[in-house]
Amino acid sequence: MFFVASKILWWLFEPTNALAIAVFLATLLLLLGRVRTARRIFVAVASFILAVALLPLPQLLIQPLEQRFVRPDPLPARVDGIVLLGGAQIPSMTREYGTPALNGGANTVTSFMWLARRYPNAKLVFAGGSGDILDPRASEAETLRLFFEQQGFDAGRVILEGKSRNTHENAAFAKELARPKPGEIWLLVTQAMHVPRSVGVFRQAGWEVVPYPEVYRYGRRIAFDFYPHIGHSLALFGAGLREWLGLVAYAATGRSAEFFPAP
């Protein structure tokens, strides 16, 4: 129920969808003669788009998330296991064209492979099934398996968990398969923006991990750099908003150990 509700609510709150709904509503009001109300909605939509395009609003959302945890430096001398979370795979395109499809989060996968070679005795786990309520059979794990085989990486070394649909299930299902022991050192590889929520979920599951953030969208400082690609800015704003809403929802429902986990 939580999974389905979260997907439906996010569809409504996702910025481009929300803007489209607002424009549709304003147009309907205009046709009904509610000119003043329609005008206010149009002005609000235009103002929001300009603000996201001209101000560092996406960075203000994302930068605190990405900088909350840093990569371990130096890396631990011993690592007992490495967990990779999904999010970089596109199962529908993998199935459509028969070749593994990855998105802009692919660095999480390549870093996972690098760490696996650095720690040849570490147990390897991937957690990621289908996050699509319309296509529950699409599995990120299958895409990753094909990618490993294509790259000459030993996929048989990796425990592939392909049933989890969100971060909460990632941690719960992966723990069942990995069986981490007290005192073991486990690295958690995921996108930098997603690290705080992931750490909170793993802590709630009783699994202490060492985050290894990857795929940074912004630097360490807030900058007023004008980027004229409005669609790109809206997408980044939406990505940051989704993580903050996820932090709130997970803390409120007991799926995370705390609202904004810290090192």
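The values are calculated or read from the model by the stated rules, or taken from the named source; none is laboratory data. The model shown is predicted, which means the values in this text are computed figures rather than measured ones. Every residue, glycine among them, receives a Cβ derived from its backbone with ideal geometry; neighbour counts consider all protein chains shown.
May I ask you to verify whether L61 is under 30 Å from A174 (Cβ atoms), touching a helix residue (DSSP H, G or I) at 6+ places or on another chain (Cβ under 9 Å) and not in a helix (DSSP H, G or I)?
In short, no.
Go through the range 20-40 and give me each residue that's part of a helix (DSSP H, G or I) and either in contact (Cβ under 8 Å) with a residue 40 or more places away in the chain or among the charged types (D, E, K, R) (or both).
Answer for the range 20-40, where residues must be part of a helix (DSSP H, G or I) and either in contact (Cβ under 8 Å) with a residue 40 or more places away in the chain or among the charged types (D, E, K, R) (or both): R36, R39, R40.
State yes or no: is T108 closer than 24 Å to P180 by Cα, outside any loop (DSSP other than H, G, I, E, B) and among the polar types (S, T, N, Q)?
Yes: the conditions hold for T108.
Kindly indicate the residue of the range 135-155 that is among the polar types (S, T, N, Q) and in a helix (DSSP H, G or I) and also farthest from the chain's Cα centre (by Cα) among those meeting that condition.
Here the residue is Q150.
Among the residues in the range 194-216, are any under 13 Å from the mean Cα position of the chain (by Cα), under 21 Å from A53 (Cβ atoms) and not hydroxyl-bearing (S, T, Y)?
no
Can you name the residue in the range 86-117 that is among the aromatic types (F, W, Y) and surrounded by fewer than 16 Cβ atoms within 10 Å (Cβ to Cβ) and is also modelled with the lowest pLDDT among such residues?
Y97
Does T94 count as assigned by TED's automatic domain parsing to the domain that holds S164, touching a residue at least 40 places away in the same chain (Cβ under 8 Å) and touching a helix residue (DSSP H, G or I) at 6+ places or on another chain (Cβ under 7 Å)?
yes
Within the range 118-156, take every residue that is among the aromatic types (F, W, Y) and under 20 Å from Q191 (Cα atoms) and give me the one that is surrounded by the most Cβ atoms within 10 Å (Cβ to Cβ).
Checking each candidate, the answer is F126.
Cβ-Cβ below 8 Å, separation at least six or inter-chain, first residue in the range 107-127 and at negative phi and in the same structural domain as W186 (by TED's automatic domain parsing), second surrounded by fewer than 19 Cβ atoms within 10 Å (Cβ to Cβ) and acidic (D, E): which pairs?
Between residues of the range 107-127 that are at negative phi and in the same structural domain as W186 (by TED's automatic domain parsing) and residues that are surrounded by fewer than 19 Cβ atoms within 10 Å (Cβ to Cβ) and acidic (D, E), the close pairs are A122/D80; K123/D80.
Could you tell me which numbered condition V43 fails, if it satisfies all but one of (1) part of a helix (DSSP H, G or I); (2) surrounded by 20 or more Cβ atoms within 10 Å (Cβ to Cβ)?
(2) is the only condition that V43 fails.
From F237, F260, which residue is outside any helix (DSSP H, G or I), among the aromatic types (F, W, Y) and surrounded by 14 or more Cβ atoms within 10 Å (Cβ to Cβ)?
The unique qualifying residue is F260.
Yes or no: the range 181-195 includes at least one residue that is assigned to a loop (DSSP other than H, G, I, E, B), surrounded by fewer than 20 Cβ atoms within 10 Å (Cβ to Cβ) and at positive phi.
Scanning the range 181-195 turns up at least one residue that is assigned to a loop (DSSP other than H, G, I, E, B), surrounded by fewer than 20 Cβ atoms within 10 Å (Cβ to Cβ) and at positive phi.
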